[in-house]
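Trainee: Following this message is one structure expressed as structure tokens.
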Amino acid sequence: MADLSAELAFAREAAVKACSLAETLREKFQNQSIIKSDRSPVTIADYAVQALIGGLLESAFPNDILVGEENAGLLKSQHSELLPEIQKHLSVFLHSVTTDSILKWVGEGKLSAGKRAWILDPIDGTKGFIRGGQYAVSLGLLENHIVTLGVLGCPKLTDKYFTKPGILAWAVRGQGSFYAALDNLAQAKPLKVS
């Protein structure tokens, strides 16, 4: 089994940053969404989180690809008014953020054969996000079309072991599953199902 410690460290750090960004944007743009052609909602946070993960991935693993739920084509054409706001918020986490880099990082959401790919749902549960309820940032790594690791950032989820909301859960194939408070990943606990 390959050592995925660098990939897990990246995924955990990226998810924590993505949750922070999502919460900032949720608070600023409460109840604002756009309806896509498939009648599902999309928010500025969907695009911003996908761009953030794309930018972080480009630095950490430049040969890997990101396959995200959102599409840069829509951001470029129908939702271009969001770009300056996304750029402003991404600059907290990434250097040299431009409109072109945002569009590149969001990407086209296509999986290429033979490449290692990170699969992302930037705001999993957009309706919950819009209402101020539960949602997650979901990120997984596919190698040869097999999921080898995954993280789930849940900024609104509570647990009896942690004093404030926000949980990160993660798993690496064959190594178990764990969770911790978003603000203290060092205090991880084994994740068990009932």
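Trainee: Only helices at least 27 Å long along their own axis, judged from Cα atoms, and with Kyte-Doolittle mean hydropathy of -0.5 or greater: name those in the chain from DSSP H.
Mentor: Values: long enough: 5-28 (35 Å, 0.02).
Long hydrophobic helices here: 5-28.
Trainee: Which one, LEU83, LEU25, GLY133, projects farthest toward the positive side of the charge dipole computed for the chain from Cβ point charges (K/R +1, D/E -1)?
Mentor: GLY133
Trainee: Starting at the first residue of the stretch 188-194, write each ³J(HN,Hα) from the Karplus equation 6.51 cos²θ - 1.76 cosθ + 1.60 with θ = phi - 60°, in whole Hz, x for Gly and Pro.
Mentor: Once rounded to whole Hz, the list reads 6, 10, x, 9, 10, 9, 7.
Trainee: Under the Karplus relation 6.51 cos²θ - 1.76 cosθ + 1.60, θ = phi - 60°, what is the ordered set of whole-Hz ³J(HN,Hα) values for the stretch 139-155, x standing for Gly and Pro?
Mentor: Once θ is set to phi - 60°, the couplings for the stretch 139-155 become 9, x, 10, 9, 10, 6, 6, 10, 5, 10, 7, x, 10, 9, x, 10, x Hz.
Trainee: Among the listed pairs LYS28/LYS189; LYS28/LYS115; LYS127/LYS192; LYS127/LYS164; LYS17/LYS104; LYS17/LYS88, give every one whose C-alpha distance is greater than 25 Å.
Mentor: LYS28/LYS189; LYS28/LYS115; LYS127/LYS192
Trainee: Let's test the formula: R0 of 22 Å, r as the Cβ-Cβ distance of SER194 and SER5. What FRET efficiency results, to the nearest 0.05? If you can, show how the numbers build up before the last one.
Mentor: Working: r = 29 Å, r/R0 = 1.33.
Efficiency at R0 = 22 Å is approximately 0.15.
Trainee: Just from its helices, what would the mean residue ellipticity at 222 nm be for the chain, if runs of 4 or more DSSP H residues each count -39500 (n - 2.57) and the sum is divided by every residue, rounded to the nearest 500 deg cm²/dmol? Mind showing how you got there, number by number?
Mentor: Details: 6 runs with 69 residues, N = 194.
One gets -11000 deg cm²/dmol as the mean residue ellipticity at 222 nm.
Trainee: Quick check: pseudo-label points 7 Å beyond the Cα along Cα→Cβ at HIS95 and THR24, how many nm apart are they?
Mentor: Each label point lies 7 Å from its Cα, and together they span 1.8 nm.
Trainee: How much accessible surface does ASP183 have with a 1.4 Å probe, in Å² rounded to 10?
Mentor: Rounded to the nearest 10, the figure is 100 Å².
Trainee: Sticking with this one: Carbon and sulfur together cover what percent of the accessible area of the chain at a 1.4 Å probe radius?
Mentor: Details: 5150 of 9980 Å².
Carbon and sulfur together cover 52 percent of it.
Trainee: Here's another thing I want to ask about it. Spelling out what I want: for every residue of the stretch 158-172, take phi, set θ = phi - 60°, compute 6.51 cos²θ - 1.76 cosθ + 1.60 (Karplus), and round to whole Hz; glycine and proline get x.
Mentor: Values, residue by residue: 10, 8, 4, 7, 10, 7, 9, x, x, 10, 10, 10, 8, 8, 10 Hz.
Trainee: Which cross-chain or sequence-distant (5 or more) residues have an amide H under 5 Å from the amide H of GLU69, H modelled 1.01 Å from N in plane?
Mentor: Result for GLU69 returns LEU120.
Trainee: Where in the stretch 14-28 does the label zone of ALA186 land, with the point 7 angstrom along Cα→C-beta and an amide N cut-off under 20 Å?
Mentor: Once the point is set 7 Å along Cα→Cβ of ALA186, 14-17 turn out to lie under 20 Å by backbone N, inside the stretch 14-28.
Trainee: Mind listing the long-range amide H neighbours of SER177? Cut-off is under 5 Å, sequence gap 5 or more, other chains count too, H placed in the peptide plane at 1.01 Å from N.
Mentor: LEU191
Trainee: So, one more: When ligands, DNA and RNA are left out and all protein chains stay put, how many square angstrom of accessible area per residue does the chain have with a 1.4 Å probe?
Mentor: Accessible area per residue: 51 Å².
Trainee: Magnitude of the Cβ-charge dipole of the chain, K/R +1 and D/E -1, about the Cα centre, nearest 20 debye?
Mentor: So the magnitude is around 480 debye.
Trainee: Also, quick follow-up: Considering every Cα-Cα pair within the chain, what fraction, in whole percent, is farther apart than 31 Å?
Mentor: Of all Cα-Cα pairs in the chain, 14 percent lie more than 31 Å apart.
The values are calculated or read from the model by the stated rules, or taken from the named source; none is laboratory data. These numbers were taken from a predicted model, which means no experiment stands behind them. Counting neighbours? That spans all protein chains shown, and the Cβs are built from the backbone with ideal geometry, glycine included. Please note that ligands, DNA and RNA were not included when accessible areas were found on the heavy atoms of the full protein model with its side chains. Shrake-Rupley method; radii C 1.70, N 1.55, O 1.52, S 1.80 Å.
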